[in-house]
1. Given the condition basic (Lys, Arg), modelled with pLDDT under 90, within 22 Å of HIS36 (Cα to Cα) and over 19 Å from the mean Cα position of the chain (by Cα), answer yes or no: does some residue in the range 229-238 qualify?
2. So in the range 248-301, with the set limited to residues that are out of contact with any Ser or Thr (no Cβ under 7 Å at 6 or more places or on another chain) and among the charged types (D, E, K, R), which one is farthest from GLY132 (Cα to Cα)?
3. Can you say whether THR91 is β-branched (Val, Ile, Thr) and in contact (Cβ under 8 Å) with a residue 60 or more places away in the chain, as far as the supplied structure shows?
4. Mind checking which pairs have a first residue in the range 13-34 that is under 23 Å from ILE291 (Cα atoms) and a second that is at pLDDT below 85 and hydroxyl-bearing (Ser, Thr, Tyr), Cβ under 6 Å, 6 or more apart or different chains?
5. Let me spell it out: the conditions are (1) surrounded by fewer than 16 Cβ atoms within 10 Å (Cβ to Cβ); (2) of a type outside the set (A, V, I, L, M, F, W, C); (3) in a helix (DSSP H, G or I); (4) at pLDDT below 85, and GLY289 meets all of them except one. Which number is the exception?
6. Here is a list of conditions, (1) at pLDDT 90 or above; (2) crowded, with 20+ Cβ neighbours inside 10 Å; (3) closer than 30 Å to LEU210 by Cβ; (4) aliphatic (A, V, I, L, M), and ALA128 meets all of them except one; can you say which number that is?
7. Looking at the range 66-80, I want the residues that are closer than 16 Å to ALA193 by Cα and in contact (Cβ under 8 Å) with a residue 24 or more places away in the chain and have a partner that is aliphatic (A, V, I, L, M) and not in a helix (DSSP H, G or I) with Cβ atoms under 7 Å, at least 6 apart or on another chain. Which pairs are those?
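The values are calculated or read from the model by the stated rules, or taken from the named source; none is laboratory data. From a predicted model like this one, the values you see are computed outputs, not experimental measurements. Methodologically, a virtual Cβ is constructed for each residue, glycine included, from the backbone with ideal geometry; neighbour enumeration extends over all protein chains shown.
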Amino acid sequence: MFGLWVPVTVAAAGLQSLRTAQQKHLTGVIGQSGAHFARYFYGAPLAALLVGGMAFGGVELPRADAGFFLFGLAGGLMQIVATGCLIHAYTLRNFTAATTFSKTETIQAAVLSTLFMGEGLSGGGWVAVAVGFVGLVALAVGRQADGWRKLGTAWREPATVYGLASGLFFALCSMAIRSAALRLPAADPFIAAAVTLCAITAMQTVVMGLFLLVFDRAALAGALNRAWRPASTVGILSVVGSLGWFFAMTLEPVAHVRALAQVEIVFTILLTVFVFRERPSRLEYAGAGLIVGSVVILLLAR
């Protein structure tokens, strides 16, 4: 009834939650830059292996043009910048503001895709986005006792700027990825997603590897040697989850995929309770409930 993109997006959100949890641990071992690089370095070979296996099995791969690589490179760079903005926002000691404003990605993606791709939301879709954002705010402030106060004064803080920038670049990244995949001529959606993923992760590995080689060799060495086992786990989870995102965005407009992707926070709550043995507050449970409600509204309003 709702299309293949729905279970694919939900699965990708679940894998992203697992990757985030593993990356949180890895960051404590080799730092933020090393953990970030591991996502691409250990994921790119798997994406290449998938595409190579398709070609070896007789699948005719689509021929990519210059526009495909330009959109792919733009998407890959925007994802790196978005993650950097988010990490920097967290270092500014206002987790509430950073989290909340970065999650405006859903709203920004809906607006931008309407303006530039002609793929907007219906009236019910906008209601779903609004309800989901209220749920995200409740989750963000529920994680800290003084969350409401911090959020109320956040407009004066740099964390707000970096949080909004993170959301913007994540939204642009999603649009660029969809644009790249759609440029592959007459390609099956899954094949288009796999080829796009292979190209983008390869470019991200090269770009970030060169950056660390020049500016942070310790992080590079940590990802390649000292912590290669947890780093490879992050890379595997990342590339499989990204394949899900890419596949979903070849099947459905970005605004719908990113709105449904808010269900990720429900998986985060489950990990918090059953893996990290932490007890969320009532406000966090309420926020998760609102997000689930927003997903139901989105699916019914399409």
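1. Looking for residues that are basic (Lys, Arg), modelled with pLDDT under 90, within 22 Å of HIS36 (Cα to Cα) and over 19 Å from the mean Cα position of the chain (by Cα), one finds at least one in the range 229-238, hence yes.
2. As a first pass, look at the range 248-301 and keep what is out of contact with any Ser or Thr (no Cβ under 7 Å at 6 or more places or on another chain): 250-252, 256, 263, 265-266, 269-270, 272-277, 279, 281-300.
From the residues that got through so far, the ones that are among the charged types (D, E, K, R) too are 252, 277, 279, 282, 284.
Values: GLU252: 19, ARG277: 25, ARG279: 22, ARG282: 17, GLU284: 13 Å.
Ranking the candidates gives ARG277 first.
3. Details: β-branched (Val, Ile, Thr): yes; in contact (Cβ under 8 Å) with a residue 60 or more places away in the chain: no.
No, not satisfied.
4. Close Cβ pairs (under 6 Å, with a partner that is at pLDDT below 85 and hydroxyl-bearing (Ser, Thr, Tyr)) amount to SER17/THR268.
5. Checking GLY289 against (1) surrounded by fewer than 16 Cβ atoms within 10 Å (Cβ to Cβ); (2) of a type outside the set (A, V, I, L, M, F, W, C); (3) in a helix (DSSP H, G or I); (4) at pLDDT below 85, the one that fails is (4).
6. Failing condition for ALA128: (3).
7. Sorted first by the residue in the range 66-80, then by its partner, the pairs are PHE68/LEU184.
The rows are residues; the columns are (1) closer than 22 Å to CYS173 by Cβ; (2) aliphatic (A, V, I, L, M); (3) crowded, with 20+ Cβ neighbours inside 10 Å; (4) without any contact (Cβ under 8 Å) to a residue 40 or more places away in the chain.
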{"position": "VAL195", "(1), (2), (3), (4)": "yes, yes, yes, no"}
{"position": "LEU213", "(1), (2), (3), (4)": "no, yes, no, yes"}
{"position": "ASP216", "(1), (2), (3), (4)": "no, no, no, no"}
{"position": "ILE236", "(1), (2), (3), (4)": "yes, yes, no, no"}
{"position": "MET249", "(1), (2), (3), (4)": "yes, yes, yes, no"}
{"position": "GLU252", "(1), (2), (3), (4)": "yes, no, yes, no"}
